[in-house]
Amino acid sequence: MAVKDDVAVVGVPMMNGSATVEGFVPARDATVVTRLLAPEVRRQYDAALGLPVGTMLVGRRSEDTTCLRVAHAFEELSGGFPRPAGPLTSRHVRGPHGGDPRTCPVAGCVTGRSRSGNDHRPDLRGTGDRARVGCRTQQPSPPEVPVRRTRLLPLAAAAALLLTACGGGGESVDTGGGGGGGGEGGTLVAAVAAQPDQFDPHVTTAYPSFQVLENVYDTLVVPSAEDLTFEPSLATEWETSEDALTWTFTLREDVTFHDGSEFDSADVVYSYNRIIDEELSNSFRFANVESVAADGPQTVVITLSQPTPNLLERIGSFKGMAILPENAAEDIDLTTEANGTGPFQLESSDSSSTVLTAFEDYWGGAPSVGGVEFRYITEPAAALTALQNGEVQWTDNVPPQQIESLEGDDSVELQTTPSVDYWYMSMNYARAPFDNRDVRRAISFAIDREAVAEAAWFGAAQANQTAIPEDSFFYHDYAPFQPDPDQARQLLQQAGVQTPLTMGLMVTDEFPETVTAAQVIASQLEPIGIDVEIETLDFATWLDRQGQGDYDAFYLGWLGNLDPAAYYQEQHQTGGPNNYQGYSNPQVDQLLQQGATETDDAARKAAYDQAAEIIVDDVSYLYLYNPDVVQAWAPGLSGYQIRADKAINFESVELP
């Protein structure tokens, strides 16, 4: 396998159990002889660790990027390696300039340094049995996020190699694999940024899980791809009583679950009552529901305590409201298994990918592809390179800084559309001094939202001081905070805060834009005397700490919002299920309740507008921007439609 360009060797777990080589290999015209590891060996180490032992992470070096990524093939260097006395570091990566070549598995390697003089280091992150590996574009100004290394197990024989090219163009290294394959219609390989935390649709709140579950489960109604209005899915029609308190749904016939059992009203009653009775993640959506009952096998009646104009959104906006077969939680482990009525069924999931296979008996017709592999590629540059190299056929993990240049690139099909998402920062009301309104407002006055949006999305996001994006009927133009460091310092002094004040800001590397934006926020708060300590976590840890209230501040987004209640109610109502910051304002509670029950759209908007102004003034959330949906796929791929709610549907896709 010839390698015709400089290759960065950034991590080789060796037989002594240690693991870090850092540097560049001038491997031009060199040949590496490999053979494929036995599948059982591959599975053994993948299951034990999340990465195969002996993994070498490599990437091309270009003028403006440092690319560090992992390919999805496992290879073994014939012969075996000499063992150094201690853990490998860049000291061992020398070559003809006086280093001992026996300490490195690749002949003639030299220590690599960036143009700024800093050592290139791997973006290898993880906790427990999971590791995150990807490509990192080198930015000239923000500080580098600390890297956590994972110690890999020793390999009983020779170490495995992963050789692939990554970066700003050039030839790739052929590992002998491809992106397609699979059954009839082939397998679509989709590069996504993060691994699902679990597969129970009624429990998870993680978008990486719903990227998969969107293709596995169904809801009674579903947002249309064109305008997000609700249309039939497992329910074919519905009617509402004159007093708006009774909704009757007629169910679709001849629908089967993946295990072959038939779908009927008992499954709907079970699914909704499970969410309500066990107070699961979306139980708040049934706040106005008095009962869910079957009226024969094909009819479900939902009785309400008060008018709920957004009931269709409450039960159908996303797959967190999926219909499971009756007693599913007792029959299977829903965290790792799935049994839906959707176009694909869950085949397998591990630390590198989740695999779905086509469900031939899907009520909407069998999918065009034989299956879908969701491959986790954390870094956007790596995902794009994989797409351009043909290793994957679709990704929503596109480097924001390359969106403009990709619009004229024939190697990918790029599409963007305004989203219904918003990104924000919030502070912990249970921790002083962030319980002080003046402190929160000082921070809000110090932040330049335009600069944060530009840093995170390079023009593919619109700064906004409220949650709802500009093209919505419910948008409210309210922007009381303009960057004013003097006003910010005055508010801190008024609050009696001694500076410098240290504030932890919790972000996750599985949404890389949060890391970039946090660095900008840190630079904006420093002049007013606030030192921001950026805490970069894997998403599972991030979610756990948010739920435990173990943070000063956090930064993330809410995705797929289709109703003003989804933007505001659960996040800011006293005791709301997503009110992790601990905000409470009786006037806001009253306005949110008014908006939730009002059937006239203009009156609903007025209530939510008033609530939004108070929420913004109190800085319950410090709203930042609304990003565009940005997705790319292989030229010639057809049948896919980009959506403002970021729902990913692959049942109609045909491969090139």
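Here are the numbers:
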item	result
Every residue from region 471-487 that is modelled with pLDDT of 95 or more and farther than 16 Å from VAL616 by Cα	ASP484, PRO485, ASP486, GLN487
Condition met for GLU337 (farther than 27 Å from GLU239 by Cα, open to solvent by 30 Å² or more (accessible area, probe 1.4 Å), in contact with a strand residue (DSSP E or B) (Cβ under 7 Å, 6 or more places away or on another chain) and outside the structural domain of PHE374 (by the TED database))	yes
Meets criteria (at pLDDT 95 or above, buried (at least 22 other Cβ atoms within 10 Å of the Cβ) and under 19 Å from LEU562 (Cα atoms)) for PRO201	yes
Sole exception among (1) touching a strand residue (DSSP E or B) at 6+ places or on another chain (Cβ under 6 Å); (2) more than 30 Å from PRO196 (Cβ to Cβ) for ASP486, by number	(1)
Wholly within region 347-450, helices (runs of 4 or more DSSP H) carrying at least 1 residues that are of a type in the set (Gly, Ala, Ser) and in the same structural domain as THR516 (by the TED database)	437-446
Residue list for region 262-277, filter: open to solvent by 40 Å² or more (accessible area, probe 1.4 Å) and either closer than 19 Å to ASN215 by Cα or touching a strand residue (DSSP E or B) at 6+ places or on another chain (Cβ under 9 Å) (or both)	GLU262, ASP264, ASN273, ILE276
Selection status of VAL588, touching a His at 6+ places or on another chain (Cβ under 8 Å), more than 21 Å from ASP421 (Cβ to Cβ) and at pLDDT 95 or above	yes
Checklist (1) under 20 Å from the mean Cα position of the chain (by Cα); (2) buried (at least 23 other Cβ atoms within 10 Å of the Cβ); (3) not acidic (Asp, Glu) applied to PHE458, failing item	(2)
Matching option when the condition is over 18 Å from PHE474 (Cβ atoms), out of contact with any Lys or Arg (no Cβ under 9 Å at 6 or more places or on another chain), at pLDDT 95 or above and of a type in the set (D, E, K, R), among ASP531, ASP544	ASP531
Tally, over region 281-315, of residues that are of a type in the set (A, V, I, L, M) and either closer than 15 Å to LEU562 by Cβ or open to solvent by 40 Å² or more (accessible area, probe 1.4 Å) (or both)	6
Unique match (being among the polar types (S, T, N, Q) and either within 20 Å of THR335 (Cβ to Cβ) or surrounded by 17 or more Cβ atoms within 10 Å (Cβ to Cβ) (or both)) among SER224, SER209	SER209
Failed item, numbered, when ILE534 is tested on (1) part of a strand (DSSP E or B); (2) closer than 21 Å to ASP421 by Cβ	(2)
So GLN641, is it of a type in the set (S, T, N, Q), open to solvent by 10 Å² or more (accessible area, probe 1.4 Å) and part of a helix (DSSP H, G or I)	no
Close pairs (6 angstrom Cβ cut-off, 6 or more residues apart or separate chains): open to solvent by less than 20 Å² (accessible area, probe 1.4 Å) and at pLDDT below 90 in region 507-528, of a type in the set (Phe, Trp, Tyr) and in a helix (DSSP H, G or I) anywhere	GLU510/PHE539
Among (1) over 27 Å from THR250 (Cα atoms); (2) open to solvent by 40 Å² or more (accessible area, probe 1.4 Å), the one test that GLY371 misses	(2)
Listing of strands (runs of 3 or more DSSP E) fully contained in region 211-285 that carry 1 or more residues being without any contact (Cβ under 8 Å) to a residue 24 or more places away in the chain	230-232, 235-240
Selection count where residues are touching a Gly at 6+ places or on another chain (Cβ under 8 Å), assigned to a loop (DSSP other than H, G, I, E, B) and either over 15 Å from VAL268 (Cβ atoms) or free of Cβ contacts under 8 Å to residues at least 40 places away in the same chain (or both), scope region 308-346	3
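Each row is one residue, and each column tells you yes or no for (1) modelled with pLDDT of 95 or more; (2) small (Gly, Ala, Ser); (3) in contact with an Asp or Glu (Cβ under 9 Å, 6 or more places away or on another chain).
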| site | (1), (2), (3) |
| --- | --- |
| SER265 | yes, yes, yes |
| VAL269 | yes, no, yes |
| ASN273 | yes, no, no |
| VAL300 | yes, no, no |
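The rows are residues; the columns are (1) open to solvent by less than 10 Å² (accessible area, probe 1.4 Å); (2) more than 28 Å from GLY459 (Cβ to Cβ).
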position	(1), (2)
GLY365	no, yes
PRO380	no, no
LEU387	yes, no
VAL392	yes, no
PRO400	no, no
ILE403	no, no
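The values are calculated or read from the model by the stated rules, or taken from the named source; none is laboratory data. Owing to the predicted nature of the structure, the values given are computational and were not obtained by experimental measurement. Cβ coordinates were reconstructed from backbone atoms using ideal geometry, including for glycine residues, and neighbour counts include every protein chain displayed. The protein model used for the area step is the full one, side chains on, heavy atoms only, and it has no ligands, DNA or RNA in it. Shrake-Rupley method; radii C 1.70, N 1.55, O 1.52, S 1.80 Å.
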